[in-house]
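Taking it in order: structure first as structure tokens, then the write-up.
Values in this text are rule-based calculations from the coordinates and carry no lab data. Computed from a predicted model, the values in this text were never measured in an experiment. Here the Cβ positions follow ideal geometry from the backbone for every residue, glycine too, while neighbour counts run over all protein chains shown.
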Amino acid sequence: MGTLLKIHGDVRWVIVLVAVIAVIRLVWGLLREKSYDRLTQISMRAFSAVIDIQVLLGLIYFIWNGAKDGYWPTYRFEHAITMAIAVMIAHLPMRWRTAAAPIRFRNDLAAVLVTMLVIVIGVARLPGSDRWLQLGP
């Protein structure tokens, strides 16, 4: 069980990396008024794919680990619901895939940034999250 939780925790860095790549591609395309190319599509698909993998790992852990001391702690539900909202936002770019390039760049960029913000909020719901939210040592 600890291995699954460790993998779930480590995948977050993959999400951050893919999100940074997607943001760079989207900002570059928006500023340079480029067409929405295949590399940008791949970066957005990769972003939603790693989010999906993370959710799957989280759900398996949530169900497999079961209740602690006879009940599921409230923070687990808060985390799960917040992350479900993040997944919905991460998949919004599929709704405007036929839009003009500037609109698509702008909307996709907003979706990635808002998704990452919601993820930070969701992780902040977990006990011990204050360690990584601190700015100093």
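Students often check this: by mean Cβ neighbours within 10 Å, which of 103-113, 33-43 ranks highest, and how do the rest follow?
103-113, 33-43
Enter the angle in degrees (range 0 to 90, nearest 10) between the Cα long axis of helix 74-90 and the first principal axis of the Cα atoms of the chain, meaning the one along which they spread out most.
For 74-90 against the chain, the angle is about 10 degrees.
State the percent of C-alpha pairs, over all pairs in the chain, separated by a distance greater than 24 angstrom.
So the portion of pairs separated by more than 24 Å is 36 percent.
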